[in-house]
Structure formats: structure tokens, C-alpha cells
1. I'd like the full set of residues that are among the aromatic types (F, W, Y) and either more than 34 Å from the chain's Cα centre (by Cα) or open to solvent by less than 70 Å² (accessible area, probe 1.4 Å) (or both), limited to region 208-250.
2. Picking from G162, G218, which residue would you name as being assigned to a loop (DSSP other than H, G, I, E, B) and either touching a residue at least 60 places away in the same chain (Cβ under 8 Å) or of a type outside the set (S, T, N, Q) (or both)?
3. Conditions: (1) over 27 Å from the mean Cα position of the chain (by Cα); (2) modelled with pLDDT of 85 or more; (3) of a type outside the set (V, I, T). L96 meets all but one. Number of the miss?
4. Can you name the residue in region 71-113 that is among the aromatic types (F, W, Y) and open to solvent by 30 Å² or more (accessible area, probe 1.4 Å) and, of all such residues, is nearest to I255 (Cα to Cα)?
5. Specify the residue that is farthest from V20 (Cα to Cα); the eligible residues are those in region 154-185 that are surrounded by fewer than 14 Cβ atoms within 10 Å (Cβ to Cβ) and of a type in the set (D, E, K, R).
6. Quick check, is I204 more than 18 Å from the chain's Cα centre (by Cα) and surrounded by 15 or more Cβ atoms within 10 Å (Cβ to Cβ)?
7. If you take the residues in region 135-153 that are part of a loop (DSSP other than H, G, I, E, B) and in contact with a helix residue (DSSP H, G or I) (Cβ under 9 Å, 6 or more places away or on another chain), which one is most open to solvent (accessible area, probe 1.4 Å)?
Amino acid sequence: MELLLSDPIGYLDTFLLIMVRVLGITVLVPFFGNSNVPMMTKIILSFFISVIVFSTASIVAPVSSSNIFAYGGVVAIEFVTGLAIGFGAYVVYSILSLAGQFIDMQIGFSMVNVFDPLSEIQLTITGNLYYYLLMIITLILNAHHYFLKTLIDSFFRIPLGGAVLSPALEEATVGFIPAYFSMALRIATPIFFVMLITNVVLGILARTVPQLNMFVVGFPIKILFGLSTIFVMLAFFDNISEMLIGESQKQMMEIIEGMMP
């Protein structure tokens, strides 16, 4: 308390920079960054997390707020740093949205979209189902605690205003793109396989029984087999969730290491 009273402006400068980074992470990180979470709630959460970080870590602002331009630059750096770390988890969780689009295109649900409040875009129903199942499993496994742990750990690895752009950061972001599509395709592979067999069987029936209207018969059959496959895949969804949660943790740490000075 005596230290705080001795230099209140300096401590306030440090606290503000900490809160800016925390807010940048909570804007994008899954669960905390959902758009249906009120902004005031995010600000309050960021405030209390910042109080904990400020109380437990010896962090000092690199510049004083008396230098407006230099301090404003550090504020921008901290906010971008928080966004980059939160984006590492967000992009992994969005893999399920892409996998859901692949699945619905095969079944015939590609025109049936719902509004996703997190990304504020239209998503297919299977992608939305998978995403919210993953969110529930994240809460059950307390995996959201890791987001908070990574957030606090970032202050020990990246000092305030010390984030840098390095080849490791490029590898962690751009290099993740092939894995992004690969994991989405792996999740949707059972549907691809079932729909391939279904289309082959329907093609054979169309040649052997030309009187049969394949459009009228094939559409409900593909929906039936597609939904049955999704139901069977739900039994293995815990393995998919563990893979994605682990990948999100790895991605966040790689981004932090890529911005370390």
C-alpha cells in the first residue's frame, strides 16, 4: 500500500496496460469472448483478472503516461498482443464450424443456416451443434481455466510493450492453416465415406430402376444416413474435444513464444 501511495500514477499506468492486454484476450478467447456476453461483463472480468496479475507479478510500465505518444503506442501493442493470444484459441475452436459446413454440404443442409453470436456470421446447423457441444465439454473439463492460466503466464513471458514479430510467430499462425483444414476434414471424414457409398448405391439404383425418381428418393435417404452417422459420431466427440482443446492450448503457447523478445 505504501508503494502504491508513493507513486500512484506509475502504478496506474502499469495497471492500465495489464488490463488492455487482458481485455484483448477476453474479446476473442472462446467462452469469455462470446458476443452474447455483455461488454460490461467482459470489462469487469478483465478488471479483476488484471488486479490479480498486478498483485502477484512484479510488472512495471515501460513508459509513463506523461509521454502520450509513446504510452499510446504501448497500449496499442498490448491490445494487439492480447488479440493474437486469444485468436490462437478462437481459430482452433472454429475448426468445428468448418467441419460442420463440410458435413452439411454432403447431407444437403448447406442452405439451412443459423446465426452464430460469437463470429456474427451464418453457420450451418451441424457446425453450430458441434461448437456448442465443445463449449459444454470445455466447461465440464474446466479447460477454460487454462485460458486464464495462459493469460497470466503471458505477462511473465512477454513484458509490457515487449512483443515482437518473429519467424516463430509467422510459423504459429500461417503454418497452422494446413492443419486447420486437415483437422476439419478428419472430423468430417465419416460423413464423406457414408455419403460416397450412398451416392454409389443411388447411382446403381438409377440405372437399374429408371422409373424411380432419384431426386425424390435420394434426398431423404441421404438425410437419414447423414443424421445417423452424426449420431454415431457423437460417441467419439469426447476424443475430438480433447484433441481440439489440446491444440488450442498448444496454439496459444506457440503464439506467445513467437512474440517473446
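1. First pass over region 208-250, keeping only residues among the aromatic types (F, W, Y): 215, 219, 225, 231, 236-237.
Within region 208-250, F215, F237 qualify.
2. Numbers: G218 fails: assigned to a loop (DSSP other than H, G, I, E, B).
Matching residue, one of G162, G218: G162.
3. Only one criterion is unmet by L96, namely (1).
4. Within region 71-113, the first condition is being among the aromatic types (F, W, Y), and the residues that meet it are 71, 79, 87, 90, 93, 102, 109.
From what's left, open to solvent by 30 Å² or more (accessible area, probe 1.4 Å): 79, 87, 90, 102, 109.
Working: F79: 14, F87: 9, Y90: 13, F102: 28, F109: 35 Å.
Checked region 71-113; the qualifying residue nearest to I255 (Cα to Cα) is F87.
5. Taking the candidates together, the pick is E171.
6. On the way: more than 18 Å from the chain's Cα centre (by Cα): yes; surrounded by 15 or more Cβ atoms within 10 Å (Cβ to Cβ): no.
Answer is no for this residue.
7. L141
The values are calculated or read from the model by the stated rules, or taken from the named source; none is laboratory data. Please read these numbers as outputs of a predicted model, since none were measured by experiment. Note that we place each Cβ from the backbone using ideal geometry, even for glycine, and neighbour counts take in every protein chain shown. Note: areas computed on protein heavy atoms with side chains; ligands, DNA, RNA excluded. Shrake-Rupley method; radii C 1.70, N 1.55, O 1.52, S 1.80 Å.
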